[in-house]
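Structure, as structure tokens:
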Amino acid sequence: MTTLLNHFAGSERHRLKQALAHDVEAYLPYNREVPLLEMIGTLTDAITEQKAVTFTYRSRRSLTRVKLNRRHTGKPGALFVNNNRFYVALFEHETQRADHYYLYRLDRIVKIEKPRVNLSLKPGRFDLQAYRQHNYLLFDSEHVRVHLLYQDYPQTLKEAFPTAQQLKKYPDEENRWEFVIPDVSYDGIKLWALSAGSKVTILSPARLAEAIRDEALKVVNLYKNN
């Protein structure tokens, strides 16, 4: 808001400040105050100029253990919003496998610094559309081909997985539609299937079906004594 107001002066600025007063007072950050505008500007410039950045990052595990904060260096390839969070796709060097992109939430970046290494990295274009189609909100996971039955409106599944292929024109006797998703994140499809409950039956791969069953049984056991 302050950045926006700085573009105006005099009576214009006063009127705009009054109009925005409610929004300014109503805004409450999730946790600590995060300089998102500054980060967005820094990372956008780095993307445009193809420059590397280094930042300290708080992962989920480090929220209670500060010592687990990690420093990451790479070249940002995209900046976008997903599920009400800002994310940056950072192309990083890998010692055990090919260099590739990782996703980081901006509100978990503690500090952006001058890059230390990896200035010679040459990232390919980050394909945001492919990320959203294949990964179902989970980026770093192996990919699998999934065959399933879905007992709900077919378009709902297609909206979650645009690459899904409907195998038959009509549902079976239990009103289940048969689909194949040719390339999807293993962790992502597992999370989605668990959230869909009995509406989804995984036919293959078998290890995915077993993992979903085991997780569902763990949930049942949590409520057995209640």
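The values are calculated or read from the model by the stated rules, or taken from the named source; none is laboratory data. None of these values were measured; they are calculated from a predicted model. We place every Cβ from the backbone using ideal geometry, glycine too, and count neighbours over all the protein chains shown. The protein model used for the area step is the full one, side chains on, heavy atoms only, and it has no ligands, DNA or RNA in it. Shrake-Rupley method; radii C 1.70, N 1.55, O 1.52, S 1.80 Å.
Taking every residue in the stretch 101-126 that is charged (D, E, K, R) and in a loop (DSSP other than H, G, I, E, B) and pairing it with any residue that is modelled with pLDDT of 80 or more and open to solvent by less than 70 Å² (accessible area, probe 1.4 Å), at least 6 positions away or on another chain, the pairs with Cβ-Cβ distances below 6 Å are R116/T54; R116/T73. Residue check: is Q133 farther than 22 Å from A216 by Cα, polar (S, T, N, Q) and modelled with pLDDT of 85 or more? Answer is no for this residue. Taking the criterion of being modelled with pLDDT of 85 or more and of a type in the set (G, A, S), the residues of the stretch 62-90 that qualify are G74, G77, A78, A89. The set of residues in the stretch 153-167 being at pLDDT below 90 and either over 28 Å from the mean Cα position of the chain (by Cα) or not in a loop (DSSP other than H, G, I, E, B) (or both) consists of P154, Q155, T156, L157, K158, E159, A160. Could you please find all residues in the stretch 176-200 being surrounded by 14 or more Cβ atoms within 10 Å (Cβ to Cβ) and assigned to a helix (DSSP H, G or I)? Result: Y186, D187, G188, I189, K190, L191, W192, A193, L194, A196, K199.
Taking each residue of the stretch 159-175 that is open to solvent by 70 Å² or more (accessible area, probe 1.4 Å) and looking for partners that are assigned to a loop (DSSP other than H, G, I, E, B) with beta-carbon atoms closer than 8 Å, six or more apart or interchain, yields E174/Q151; N175/Q151.
Among the residues making up the stretch 136-152, a single one is at pLDDT 80 or above, part of a loop (DSSP other than H, G, I, E, B) and within 23 Å of the chain's Cα centre (by Cα): E142. Listed by first and then second residue, the pairs with beta-carbon distance under 9 Å, at least 6 apart or on different chains, first residue in the stretch 1-30 and at pLDDT below 75, second hydrophobic (A, V, I, L, M, F, W, C) and in a loop (DSSP other than H, G, I, E, B), are D23/M1; V24/M1; Y27/M1. Whether a residue is among the hydrophobic types (A, V, I, L, M, F, W, C), open to solvent by 50 Å² or more (accessible area, probe 1.4 Å) and closer than 19 Å to H143 by Cα was assessed, and L203 passes this test. Could you check, for the stretch 210-218, whether at least one of its residues is farther than 19 Å from R145 by Cα, in contact with a Lys or Arg (Cβ under 9 Å, 6 or more places away or on another chain) and open to solvent by less than 80 Å² (accessible area, probe 1.4 Å)? Yes, the stretch 210-218 contains at least one residue that is farther than 19 Å from R145 by Cα, in contact with a Lys or Arg (Cβ under 9 Å, 6 or more places away or on another chain) and open to solvent by less than 80 Å² (accessible area, probe 1.4 Å).
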